[in-house]
1. Tally up the residues in the stretch B:224-242 that are more than 9 Å from chain A (Cβ to nearest Cβ), not aliphatic (A, V, I, L, M) and not in a helix (DSSP H, G or I), please.
2. Would you check if residue B:168 is under 30 Å from residue A:285 (Cα atoms) and at pLDDT 90 or above?
3. How about the stretch B:243-273: which of its residues are more than 9 Å from chain A (Cβ to nearest Cβ), buried (at least 22 other Cβ atoms within 10 Å of the Cβ) and either without any contact (Cβ under 8 Å) to a residue 40 or more places away in the chain or part of a loop (DSSP other than H, G, I, E, B) (or both)?
4. Residue A:125 fails exactly one of the following numbered conditions: (1) of a type in the set (Ser, Thr, Tyr); (2) within 14 Å of another protein chain (Cβ to nearest Cβ); (3) surrounded by fewer than 20 Cβ atoms within 10 Å (Cβ to Cβ); (4) on the phi < 0 side of the Ramachandran plot. What is the number of that condition?
5. Filter the stretch B:275-293 down to residues that are free of Cβ contacts under 8 Å to residues at least 60 places away in the same chain and assigned to a helix (DSSP H, G or I) and give me whichever is nearest to residue A:157 (Cα to Cα).
6. Identify, please: which residue in the stretch A:267-281 is facing chain B (nearest Cβ under 8 Å) and at pLDDT 85 or above and is, among those, farthest from residue A:79 (Cα to Cα)?
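The values are calculated or read from the model by the stated rules, or taken from the named source; none is laboratory data. Predicted model only: the values in this text are computed from it and were never measured. Cβ placement follows ideal geometry from the backbone for every residue including glycine, while neighbour counts extend to all protein chains displayed.
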Amino acid sequence: MLNFVTKRILSMLLVVLGISFLIFSVMSLSPGDPAQIILGDGASQEDIAELREEMGLNDNLLVRFFRYIWNAIQGDLGNSYRTGQAVLVELLNRLPNTVLLAIFGVGAAAMIGVPIGIISAVKQYSIIDNVTMVLAMVMTSIPAFWLGLLLMLRFALGWGVVPAIGVDTWQGYILPSVTLAIGNMAVIIRMTRSTMLEVFREDYIRTARAKGASKRSVVLKHALRNALLPIITTIGINFGIQLGGAIVVETVFSIPGLGTLIITSVRQKDIPMVMGAILFVALMICLVTFLMDILYTFLDPRVKIKKRQKQMGVI
Amino acid sequence: MKISKEQTIDNQSIYKQQGQLASVWLRFRKNKLAVLGLLIFLIIVVLSITADLWLDYDKQAIEHNMGIRLQSPNSDHLFGTDQYGRDVFTRIIYGTRISLLISLLTIVLSLVIGGGIGAMAGYFGGRLDSLLMRIMDILLSIPAILLALTIVAALGNGILNLIIALTVSTIPRFAYIVRSTVLTIKDQEFIEAAKAYGTNNIQIIIKHIIPNIIGPTIVQATTNMANTILLISSLSYVGLGLPSSIPEWGAMISDAKENMRHFAYLVYIPGIAIVISVMAMNLIGDGLRDALDPKLRN
């Protein structure tokens, strides 16, 4: 087990390092001199050259990258080109909003999506199932920003029951959470349905039915328990994606989260901020995936059996 | 029992006579929603190709005409006009051209590059495989929109840069699907048999590997095309895709935001256009997946 965890942590760190290098090199392609951006348009050539030297911008890409990573490990993600504020502080300020949205959005999607997916699978090819599948298809085809605007038009601008933008009050979280939930729900419904259908075909389900277990017990005890792992993994991965992917929804509702931070920094060519934010998001996504992996190994007895067999030299 | 056995033999011989393509079509046709999706897709393609014949791009979709701004849908302007007096109907139709062209180019490019990477990784295996797939892992572990956003930010707005950004974020998906297909095929008996007959590598790839990759890749391509259309509009909406002068659906919605309370149709119409075209692609993808699924064939 320990061996497995260390291996996973190492490969996770490698992926995060890879992402950082990718983003770092892409950002360094972007036109515009950071020294110029910091000093403004009126700066003299000498000042710019001096600042470039001071910031180490004249070193080659690899040197700059490893210096960045070395600082990042020590908790220094640099300072914003625009505000001069420490990147990490700004990220931590914005983090709670994004995490809350992801919890509300994915949580609601799971609580509604999983039962719907189960019903759909139990009643495969029935009217309920067909309607659900078409609805899920529609939900995956709706762009999140448009759905957000539609909800805003009706509930905020039309009926005025919730604020249109911002999260000054708790009501502000409602519309963005619903928008996120609808997009995530479609994925969760489809995944739950297909996993349940797969499990229904297993021999142990036939055995359970044959020994006279009630339908309810077959579905909820025998099938759901076995289908739960892939479903939980899907929910976890969606949660991870939401941490970085709620960009559009955050923009629609002007929520001061990581997504809007990335958009504004990208527009302003605030490279340290963009780098820091994406590194942060990537790290969180990898962490969530990693936790899912660990959970998987702990919960699935088959993985343990395989390991025992390996120890005994069976496979 | 006897009858059903004969029937299956009969069916198989029909499939054989008509060829693989016909049998796929036969199964695809049974899925009504998939056929509807195909129909919608064909209509969209025809509209976008013939747009120049019956619409005036410069005059109706680009030029500002403040005299007729913000007119609700009427007989002259089927979908009304926007805040610059441009005809929304014309912009929607030209929008199909933009979305289709960019997503199609993206899919073809990422199919060629990603498919090539996946095929190499799967066929040769070993160190090359782990190196290539680790790089794909890295690309896949960032949400596509975030990756595309960063690339557009670095390269600047514009159609070409948008295509590059979208391609980079789509490449790993094709690499994975092609690699796993190649891996399952390459050790199967019929490949060994072909090798035993003395068929050379190139012939094996052309005759046996490629035909088997086509199915899963087409399914992947259609679903990815749907996702790409969504990505294009999302990027344009946040202002990092195409500029709002170009009639792109997401950019149109972004433009309409300010006046949305009183001119909601400016938000509704482009959104419906996105949903319809994305759904058509998704329906086709689902139908194709069922039609091509070898499990259903037996």
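1. 1
2. Values: under 30 Å from residue A:285 (Cα atoms): yes; at pLDDT 90 or above: yes.
Yes: the conditions hold for residue B:168.
3. Answer for the stretch B:243-273, where residues must be more than 9 Å from chain A (Cβ to nearest Cβ), buried (at least 22 other Cβ atoms within 10 Å of the Cβ) and either without any contact (Cβ under 8 Å) to a residue 40 or more places away in the chain or part of a loop (DSSP other than H, G, I, E, B) (or both): B:247, B:248, B:251.
4. (4)
5. Of all residues in the stretch B:275-293, those free of Cβ contacts under 8 Å to residues at least 60 places away in the same chain come to B:275, B:278, B:293.
Narrowing the set further to residues that are assigned to a helix (DSSP H, G or I) leaves B:275, B:278.
Details: B:275: 23, B:278: 28 Å.
Checked the stretch B:275-293; the qualifying residue nearest to residue A:157 (Cα to Cα) is B:275.
6. Our first condition is that a residue be facing chain B (nearest Cβ under 8 Å); within the stretch A:267-281, this holds for A:267, A:269, A:274, A:278, A:281.
Remaining after also requiring at pLDDT 85 or above: A:274, A:278, A:281.
Details: A:274: 11, A:278: 15, A:281: 18 Å.
Of everything passing the filter in the stretch A:267-281, A:281 is farthest from residue A:79 (Cα to Cα).
Matching residues to (1) farther than 24 Å from residue B:139 by Cβ; (2) in contact with an Asp or Glu (Cβ under 9 Å, 6 or more places away or on another chain):
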| residue | (1), (2) |
| --- | --- |
| B:189 | yes, no |
| B:192 | yes, no |
| B:206 | yes, no |
| B:216 | no, no |
| B:223 | no, yes |
| B:238 | no, no |
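To keep it simple, each residue is scored yes or no on (1) hydroxyl-bearing (Ser, Thr, Tyr); (2) more than 14 Å from chain B (Cβ to nearest Cβ); (3) on the phi > 0 side of the Ramachandran plot; (4) touching a residue at least 60 places away in the same chain (Cβ under 8 Å).
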| position | (1), (2), (3), (4) |
| --- | --- |
| A:210 | no, yes, no, no |
| A:226 | no, yes, no, no |
| A:231 | no, yes, no, yes |
| A:247 | no, no, no, no |
| A:252 | no, no, no, yes |
